[in-house]
1. If the only charges are +1 at each Lys and Arg Cβ and -1 at each Asp and Glu Cβ, what is the size of the charge dipole of segment B:3-76 around the Cα centre, to the nearest 20 debye?
2. Shortest first and in nm with one decimal, please list how far the residue A:215 label point sits from its counterparts in the other copies (point 7 Å along Cα→Cβ).
3. Rounding to the nearest 20 debye, state how big the charge dipole of the protein assembly as shown is about its Cα centre with +1 on each Lys and Arg Cβ and -1 on each Asp and Glu Cβ.
4. Need the C-alpha centroid separation for segment B:174-224 versus segment A:189-232, integer Å.
5. Across peptide B:90-102, how many C-beta atoms of other chains are within 10 Å of each residue C-beta, on average?
6. How would you rank B:212-220, A:392-400, highest first, on the average number of other Cβ atoms within 10 Å across their residues?
7. Need one word for chain A: rounded, prolate or oblate. Basis is the Cα gyration tensor (sqrt eigenvalues a ≥ b ≥ c); a/c below 1.5 gives rounded, then a/b vs b/c decides.
8. Would you please classify the overall shape of segment B:1-148 from the alpha carbon gyration tensor, given that a ≥ b ≥ c denote the square roots of the eigenvalues, rounded means a/c under 1.5, and beyond that prolate means a/b larger than b/c while oblate covers the rest?
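The values are calculated or read from the model by the stated rules, or taken from the named source; none is laboratory data. Note that this is a predicted model, so its numbers are computed, not measured. Cβ placement follows ideal geometry from the backbone for every residue including glycine, while neighbour counts extend to all protein chains displayed. For the accessible areas, the whole protein counts, side chains as well, though only heavy atoms, and no ligand, DNA or RNA atoms are used. Shrake-Rupley method; radii C 1.70, N 1.55, O 1.52, S 1.80 Å.
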Number of protein chains: 2
Amino acid sequence: MSPRARKLARGVALVGAGMSKFGAFPDKTSRDLFAEAFTATAKSVDKGIDTDDIEALYVGNFSSDLFEGQGHVAPIMADWTGLVPKPATRVEGACASGGVAIREGILAIASGIYDVVLVGGTEKMTGLPTDQVTDTLAAASDAVYEAACGFSFPGLYAAMATAYMAKYGATEEHFMKVGIKNHHNGALNPKAQFNKSIRDLMESRMEKARQKGDPVPEWREEIDFLKDPKANPVVAWPMRLFDCSPITDGAACILLVAEDIARDFSTDPIYVVGTGQGSDHALHEREDLTTITSAKVAAQQAYEMAGVTPEDIQIAEVHDCFTIAELIAIECLGFFKPGEGYKATEEGLTARDGAKPINTSGGLKSKGHPVGASGVGQVVEIWHQMRGEAGARQVPGKDIRLALTHNVGATGGTCAIHIFQRR
Amino acid sequence: MSPRARKLARGVALVGAGMSKFGAFPDKTSRDLFAEAFTATAKSVDKGIDTDDIEALYVGNFSSDLFEGQGHVAPIMADWTGLVPKPATRVEGACASGGVAIREGILAIASGIYDVVLVGGTEKMTGLPTDQVTDTLAAASDAVYEAACGFSFPGLYAAMATAYMAKYGATEEHFMKVGIKNHHNGALNPKAQFNKSIRDLMESRMEKARQKGDPVPEWREEIDFLKDPKANPVVAWPMRLFDCSPITDGAACILLVAEDIARDFSTDPIYVVGTGQGSDHALHEREDLTTITSAKVAAQQAYEMAGVTPEDIQIAEVHDCFTIAELIAIECLGFFKPGEGYKATEEGLTARDGAKPINTSGGLKSKGHPVGASGVGQVVEIWHQMRGEAGARQVPGKDIRLALTHNVGATGGTCAIHIFQRR
């Protein structure tokens, strides 16, 4: 039986959103980043917000336990945002921790127990050496049947990518084109960890070679740069360095309120019209590696609740932890048929000026992927785009009334999807 | 502003509850234990339950990340209980993870999105050496300002205990009496890790000495045994070994449904009439170490929602991770005035046959404390007691209509309180 999508007992709206800069910050802990995101969120509320008005806090966090030796992060974030003694709850769903925390915030308001809830996500990842970060992330896979057998996430997604190539005829270049697009968007996002296009990176490397008197590589197009194993080495074939999202420190917050009081806080609130969540078996147990059941289940719930179809969604932030993940995402969401996602990307349909702009923020690939914060960061982008406040990366020529976020944990053990409407 | 207690948009009832045996199980992982608890829960449902009927799963877990190298536990528990692709969400609040997961399950049903929710808690702790367990638990304190300065939980609670002694004149013996009481109860609980009274333990040690031809200790009363530093060494004064709850593997589950369908599952459902949650600063920031603000705040919310007073509560399971914690708990809950908890315990008021029976299960002290599962385990005891199914430890001479559970995370950074009614 597929989980039913029901109406919420009362509506919920978004009246504020903000994030810290994403990047590598040796001097900052997850709590510093969270406070930064909260400050940005408070400033984004049109009519202002007093911490006294906030009744509860939900925090998405994958594993400060392993990254910082700090479990029980929710009351710490409550303390650093002035919310003690309000209820503060950590929700964890690997890289979907943020999305799942948002869902809990929505359900809590719908339950009638709160009117105003702060939801945030935070992760401090760069404090460990890279190999330990890889091991820490592998704890989100099945530690008994996957991580213990040597699988880490580049390998798991590489298995999905090769299955996708074999089934649908996609090539390495198709994956690279996802990265090129997302870096183009991220280059326009001042909060992105890598706010540089692949062209910027390529030209800067050529310029450095020139200055050093080294032979200048013969890259003409961005794809030449990405196909060069010196510039873009293989991590786990067919996933190369620029197919992988980076290791990131960052935090993001949103402020949710009961729909009937949204205008007390915002002159232009964004309404939550759909929420969906699903789970799946670990990757080693699945029959088909080219799709993610939890995402399809969650999408179905969210669409049903919102009463909309994939065609109605104008922009989406999807979970591109690896480039292959974006292709699978846009197919699971019904934007494109199975096996058609890579063709659509190649045709430019998912570009910022395409028919269905995907990851205008730069995505996890370019904006950065502080895992517990990423799902909340997606909503920050939707907030800006829907209100026409996305600056240089504002989607051109669209009055955005319906947008979607898609947040995946691990290889899809968890997926949380939300649909937002501007009225 | 104290968090408001509101009515839930719809009522929620408990129609099943069960737990694994608590103890040390070298061959079992957290998922094995969870499956065991789920099986016991399914069996406890009067009219039976089909996994197809269950719409979502909430899992309380402190840190399988650190204990087992396994983050993202919720979809794994969903897999092992046949619930994939239903939404599966991990909730973490240190040792209150179970209680907070229950609250999320309640709010989710009240929101209208689900009718039937499984809530469980699980923790596998004994796979690590004891010193690493202590370090792992210390991650629930403030890792920057407490753990990093050498504080672990026996030390933190010892600080609270010495403050309590100084302020109210309690002695070490008063703490010991909490342990004696709880071991008396646990001796009657076949699922308890230590289902032995202090007298049983004492007599067995004397018998062993006799058999070996060693000098037999001159213990006459249980308190003599606990005062003997050889039998009961100091861990962090005034907390001795028998003031500390053990390191435990275990899991527990409950089945929650919307109130209007409770009789479809149970001939004798138990209704959730109050829920409360609060947060607090880390211990080093507090002005008063003898009380826990999050517990007082959570209790106030739960009492208000239920429309009852502390006097109305007939039995309670409270968070006795250390003996001092039980004394603070029964004061925060308003059962006894500040500084009167130790006198009430000495007078036998909290004994199984006393006026206000506390921890009839044996409490964390004797039943065991698999941290993420403990809050759910408390509700399992309430379920049995309220339905008159607690066997040898059934509270005598009481028709239990109102009961309470009190679950604390760390030194009170989180507290979740629930009130249950039998109609």
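1. Numbers: 9 positive and 10 negative charges, 117 e Å.
Dipole size: approximately 560 debye.
2. Distances to the matching label points in the other copies: 8.7 nm.
3. Dipole size: approximately 620 debye.
4. 73 Å
5. The shielding value for this peptide is 5.
6. On the way: B:212-220: 10.7, A:392-400: 13.9.
Highest mean packing first, the order is A:392-400, B:212-220.
7. Because its axes are fairly even, with a/c under 1.5, chain A counts as rounded.
8. Since a/c reaches 1.5 but b/c is at least a/b, the shape of segment B:1-148 is classed as oblate.
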